[in-house]
Amino acid sequence: MGKKHKHGLGEPNEDEDRETLTTNSGEPVPDNQNSKTAGPEGPMLMEDYHYLEKMAQFNREEIPERIVHAKGGGAFGTFTVTNDEISEYTMADLFSEVGKETDVFVRFSTVAGSRGSADTVRDPRGFAVKFYTEEGNWDLVGNNTPVFFVRDPSKFSDFIHTQKEVPGSGLKDPTPQWDFWSLSPESLHQITILFSDRGIPASWRHMNGYSSHTLSLYNEDEERYWVKFHFKTDQGIKNLDPEEAKRLAGENPHYHREDLWTAIEEGNYPTWTLKAQIMPEKEAEEYHINPFDLTRVWPHGDYPPIEVGTLELNKNPNNFFQDVEQSAFSPAHVVPGIGHSPDKMLQGRIPSYDDAHRYRLSTNFENIPVNKPKNTDKNNYHQNGYMRTDGNLGSGPNYEPNSFGGPTEKPSVKQPPLKISGNADRYKAQERIDNYKQPGDLFHKVMTEEQRQHLMDNYAENMKPVDKKIQKRQLVHFYKADPDLGRGVAKRLNIDIKEAIDQELLELDDNEIRNAKRVNDLL
Ligand code: NDP
């Protein structure tokens, strides 16, 4: 790589002959400044192929941007195992021994904004890690929050529409999101985090990452464990004051991208400690929380996180488009020893991500270097498609079984069977569901008084332009999580809480509400 200037502009790669300018087909170009014309002042000639090719390529520079997580940045690094306790639960080779290193690529992002939008907005952050293991790529496609807004994937695209510009004017409006959230109370936990101080991280280096989903681990003894992963920042949590964030959004929309780039260029490599909460398969049936509900965490007291290893980012991409824009992560990508879970949101994501990549990058997106597994070429009988450049099975057979050789299956990596039962139907969540306890605990038990005040200020500021009817509907949810939260936001919105809350709920003592197991049933 050549020498770089402050933000990465540098000399071309030294190992390539870049002396002569050529067309894409390699023809040397005699003049790149003056188009070919009939006479010095005359019209252009169609035969100026270099110009035609230059514009044709330019017109096709943009590929579709991601429908979510369009704005981001990323870097390469390593994951190193520091504690192999986890290898008791999984045959995953990457966790097999202390000191084992695996190359990674990590992409951070905002969710709602378009490709050029500002980094310092209030939004969850994507935290997607691609582990290039010796048994294929494992993508841990998480966020900086341990939970999500909805628990059923049928609601996902509707929810995302509420985060984007409104269809009529193409302008931002907080109404759709509060309308949707107030009609979808399972969102309360996630919005408590989103409107807390952590909703605008100071940088990507200063936030945690979570698998959010429950995944699974399995070992050679065919034992399955449910698992939640947490990347805890070693830089410490730091957040931005909302006013400062607004100023930075105007001054430098790439504030977070620049922060990561600069830290790595300066050798100030950010690290995270990977931890795992582990639940034996059988305990899922009896646990008082549905462990596959993406709107809820497993309290640390129930399942203490164990240390697994260290993630370090230490190499900036050499070319942003090639490595970051074209990176493609998918929760479908697991490796032997790691599997999925019945989490409906996870199930919904498994087919969806690669589908999006095929649309955005074409069928063979895994031939792009950042996406390519390091352990193997595509060892299967899929063939052809746009941009197939990896040999395409050469002259070998393109079917299996065959009598000529080629890759065959490996039964030893089979997952243990998973017992499932029940009538096929569309179920509204009923059992083991509580939309209020955990956001209430976060507000009442985890946050400091100052953080609680910030949360209520942030809610009120954002809800001010929204219809009274919607504000009141949302206040009921706040009140059910914690009466102080309901009253605090109501006061800031100049609403008398008695106008918003049903008499039955008002008659309950505050602590009765906080402790009620099924506040959901109170109204
Ligand atoms: P614990 O006291 O063991 O854990 C509390 C967790 O809350 C810590 O991981 C802390 O992260 C995190 N936290 C602190 N402030 C915020 C914030 N503003 N937004 C999001 N997370 C924050 O308690 P429990 O495990 O019993 O959980 C209590 C509540 O904490 C939960 O209901 C949930 O809302 C929240 N939480 C729980 C997590 C879990 O996996 N159990 C993970 C994250 C949040 P840190 O250590 O980095 O300060």
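Here's a check for you: in segment 212-236, which residue that is among the polar types (S, T, N, Q) and part of a loop (DSSP other than H, G, I, E, B) is farthest from the ligand (Cβ to nearest atom)? If you could, list the steps in order and put the result at the bottom.
From segment 212-236, those among the polar types (S, T, N, Q) are 212, 214, 216, 219, 233, 235; that's our starting set.
The next check asks that each one be part of a loop (DSSP other than H, G, I, E, B); those that pass are 212, 214, 219, 235.
Details: Ser212: 10, Thr214: 11, Asn219: 24, Gln235: 11 Å.
By that ranking, first place goes to Asn219.
Restricting attention to segment 400-420, does a residue exist that is of a type in the set (Val, Ile, Thr), without any contact (Cβ under 8 Å) to a residue 24 or more places away in the chain and away from the ligand (no atom under 16 Å from the Cβ)?
Here is the first cut: in segment 400-420, the residues of a type in the set (Val, Ile, Thr) are 408, 413, 420.
From what's left, without any contact (Cβ under 8 Å) to a residue 24 or more places away in the chain: 408.
Filter once more, so that each one left must be away from the ligand (no atom under 16 Å from the Cβ): 408.
Checked against the condition, which is being of a type in the set (Val, Ile, Thr), without any contact (Cβ under 8 Å) to a residue 24 or more places away in the chain and away from the ligand (no atom under 16 Å from the Cβ), segment 400-420 yields at least one hit.
Name the residues in segment 282-308 that are away from the ligand (no atom under 15 Å from the Cβ), surrounded by 15 or more Cβ atoms within 10 Å (Cβ to Cβ) and assigned to a loop (DSSP other than H, G, I, E, B), would you?
Result: no residue meets the conditions.
The conditions are (1) within 19 Å of the chain's Cα centre (by Cα); (2) part of a loop (DSSP other than H, G, I, E, B), and Leu311 fails exactly one of them. Which is it?
Status for Leu311: all satisfied but (2).
Filter segment 237-258 for residues that are within 20 Å of the chain's Cα centre (by Cα) and either modelled with pLDDT under 95 or within 16 Å of the ligand (Cβ to nearest atom) (or both) and give the result. Give the derivation first.
Filtering segment 237-258 down to residues within 20 Å of the chain's Cα centre (by Cα) leaves 237-239, 253-258.
Within segment 237-258, Ile237, Lys238, Asn239 qualify.
Select, from Pro342, Pro373, Pro416, the only residue that is surrounded by 12 or more Cβ atoms within 10 Å (Cβ to Cβ), touching a Lys or Arg at 6+ places or on another chain (Cβ under 8 Å) and at pLDDT 95 or above.
Values: Pro342 fails: touching a Lys or Arg at 6+ places or on another chain (Cβ under 8 Å); Pro373 fails: touching a Lys or Arg at 6+ places or on another chain (Cβ under 8 Å).
Only one candidate qualifies: Pro416.
List the residue pairs whose Cβ atoms are under 6 Å apart, where the first residue sits in segment 287-314 and is outside the structural domain of Tyr132 (by TED's automatic domain parsing), the second is more than 13 Å from the ligand (Cβ to nearest atom) and small (Gly, Ala, Ser), and the two are 6 or more positions apart or on different chains.
Here the result reads none, with nothing in segment 287-314 linked to a residue that is more than 13 Å from the ligand (Cβ to nearest atom) and small (Gly, Ala, Ser).
Identify, please: which residue in segment 427-461 is assigned to a loop (DSSP other than H, G, I, E, B) and touching a residue at least 40 places away in the same chain (Cβ under 8 Å) and is, among those, surrounded by the fewest Cβ atoms within 10 Å (Cβ to Cβ)?
So in segment 427-461, the residues assigned to a loop (DSSP other than H, G, I, E, B) come out as 427-436, 447-448.
If we keep only those that are touching a residue at least 40 places away in the same chain (Cβ under 8 Å) as well, we get 429, 431-436, 447.
Working: Ala429: 15, Glu431: 6, Arg432: 13, Ile433: 16, Asp434: 22, Asn435: 23, Tyr436: 24, Met447: 17.
Only one residue fits best here, namely Glu431.
For the condition in a loop (DSSP other than H, G, I, E, B), of a type in the set (Gly, Ala, Ser) and at pLDDT 95 or above, what is the one hit in Ala424, Ala490? Let's see the steps before the verdict.
Values: Ala490 fails: in a loop (DSSP other than H, G, I, E, B).
Going through Ala424, Ala490 in turn, just one is in a loop (DSSP other than H, G, I, E, B), of a type in the set (Gly, Ala, Ser) and at pLDDT 95 or above: Ala424.
With the structure loaded, tell me whether Asp482 is without any contact (Cβ under 8 Å) to a residue 60 or more places away in the chain, crowded, with 17+ Cβ neighbours inside 10 Å and within 16 Å of the ligand (Cβ to nearest atom) or whether it fails that test.
So Asp482 fits the description; yes.
Residue-by-condition table, conditions (1) at positive phi; (2) among the hydrophobic types (A, V, I, L, M, F, W, C); (3) outside any loop (DSSP other than H, G, I, E, B):
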{"residue": "Ser25", "(1), (2), (3)": "no, no, no"}
{"residue": "Ser35", "(1), (2), (3)": "no, no, no"}
{"residue": "Glu53", "(1), (2), (3)": "no, no, yes"}
{"residue": "Ala56", "(1), (2), (3)": "no, yes, yes"}
{"residue": "Val68", "(1), (2), (3)": "no, yes, no"}
{"residue": "Phe76", "(1), (2), (3)": "no, yes, yes"}
{"residue": "Phe79", "(1), (2), (3)": "no, yes, yes"}
{"residue": "Ile86", "(1), (2), (3)": "no, yes, yes"}
{"residue": "Val98", "(1), (2), (3)": "no, yes, no"}
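Confirm whether Ser362 is under 18 Å from the mean Cα position of the chain (by Cα) and either within 16 Å of the ligand (Cβ to nearest atom) or at pLDDT 95 or above (or both). Steps first, please.
Values: under 18 Å from the mean Cα position of the chain (by Cα): no; either within 16 Å of the ligand (Cβ to nearest atom) or at pLDDT 95 or above (or both): yes.
So Ser362 fails the test.
From the list Ser341, Ser327, pick out the single residue that is of a type outside the set (Phe, Trp, Tyr), away from the ligand (no atom under 16 Å from the Cβ) and assigned to a loop (DSSP other than H, G, I, E, B).
Just a single option satisfies the conditions, and that option is Ser327.
Going by the structure shown, is Ile160 under 17 Å from Asn458 (Cα atoms), modelled with pLDDT of 95 or more and part of a helix (DSSP H, G or I)? Explain how you work it out, then say what you get.
On the way: under 17 Å from Asn458 (Cα atoms): no; modelled with pLDDT of 95 or more: yes; part of a helix (DSSP H, G or I): yes.
Answer is no for this residue.
Among the residues of segment 247-270, is any part of a strand (DSSP E or B), in contact with a Gly (Cβ under 7 Å, 6 or more places away or on another chain) and in the same structural domain as Thr80 (by TED's automatic domain parsing)? Let's see the steps before the verdict.
Of all residues in segment 247-270, those part of a strand (DSSP E or B) come to none.
Within segment 247-270, not a single residue is part of a strand (DSSP E or B), in contact with a Gly (Cβ under 7 Å, 6 or more places away or on another chain) and in the same structural domain as Thr80 (by TED's automatic domain parsing).
On the given criteria, is Ser182 hydroxyl-bearing (Ser, Thr, Tyr), outside the structural domain of Gln347 (by TED's automatic domain parsing) and more than 30 Å from Lys410 (Cα to Cα)?
On the way: hydroxyl-bearing (Ser, Thr, Tyr): yes; outside the structural domain of Gln347 (by TED's automatic domain parsing): yes; more than 30 Å from Lys410 (Cα to Cα): yes.
Yes; evaluated as a whole, the condition is true for this residue.
So in segment 309-328, with the set limited to residues that are buried (at least 22 other Cβ atoms within 10 Å of the Cβ) and among the hydrophobic types (A, V, I, L, M, F, W, C), which one is nearest to Arg257 (Cα to Cα)?
Leu313
Output the residues belonging to segment 168-211 that are in a loop (DSSP other than H, G, I, E, B), of a type outside the set (Phe, Trp, Tyr), within 14 Å of the ligand (Cβ to nearest atom) and in contact (Cβ under 8 Å) with a residue 60 or more places away in the chain. Steps first, please.
Filtering segment 168-211 for residues in a loop (DSSP other than H, G, I, E, B) gives 168-174, 184, 195-196, 200, 202-203, 207-208, 211.
With of a type outside the set (Phe, Trp, Tyr) added as a condition, the list becomes 168-174, 184, 196, 200, 202-203, 207-208, 211.
Now drop any that are not within 14 Å of the ligand (Cβ to nearest atom), which leaves 196, 200, 202, 207-208, 211.
Scanning segment 168-211 gives Ser196, Ile200, Met207, Asn208, Ser211.
Would you call Gln453 modelled with pLDDT under 95 and more than 24 Å from His288 (Cβ to Cβ)? Spell out the reasoning first.
Working: modelled with pLDDT under 95: no; more than 24 Å from His288 (Cβ to Cβ): yes.
Answer is no for this residue.
Take the residues of segment 267-281 that are closer than 30 Å to Ala429 by Cα and within 15 Å of the ligand (Cβ to nearest atom): which is surrounded by the fewest Cβ atoms within 10 Å (Cβ to Cβ)? Reasoning before the result, please.
From segment 267-281, those closer than 30 Å to Ala429 by Cα are 275-281; that's our starting set.
Filter once more, keeping what is within 15 Å of the ligand (Cβ to nearest atom): 275-279.
Numbers: Lys275: 20, Ala276: 24, Gln277: 22, Ile278: 20, Met279: 18.
The qualifying residue surrounded by the fewest Cβ atoms within 10 Å (Cβ to Cβ) is Met279.
Filtering segment 55-74 down to residues that are in contact (Cβ under 8 Å) with a residue 40 or more places away in the chain and small (Gly, Ala, Ser), which residue is surrounded by the fewest Cβ atoms within 10 Å (Cβ to Cβ)? Walk me through it before giving the result.
Pass one, segment 55-74, residues in contact (Cβ under 8 Å) with a residue 40 or more places away in the chain: 63-74.
Retained after the next criterion (residues that are small (Gly, Ala, Ser)): 70, 72-74.
On the way: Ala70: 18, Gly72: 24, Gly73: 21, Gly74: 26.
Here the residue is Ala70.
Quick one: in segment 106-153, of everything that is in contact (Cβ under 8 Å) with a residue 60 or more places away in the chain, in a strand (DSSP E or B) and small (Gly, Ala, Ser), which residue is nearest to Gly74 (Cα to Cα)?
Taking the candidates together, the pick is Ala128.
The values are calculated or read from the model by the stated rules, or taken from the named source; none is laboratory data. Predicted model only: the values in this text are computed from it and were never measured. Positions of Cβ are generated from backbone atoms using ideal geometry, with glycine treated the same way; all protein chains shown enter the neighbour counts.
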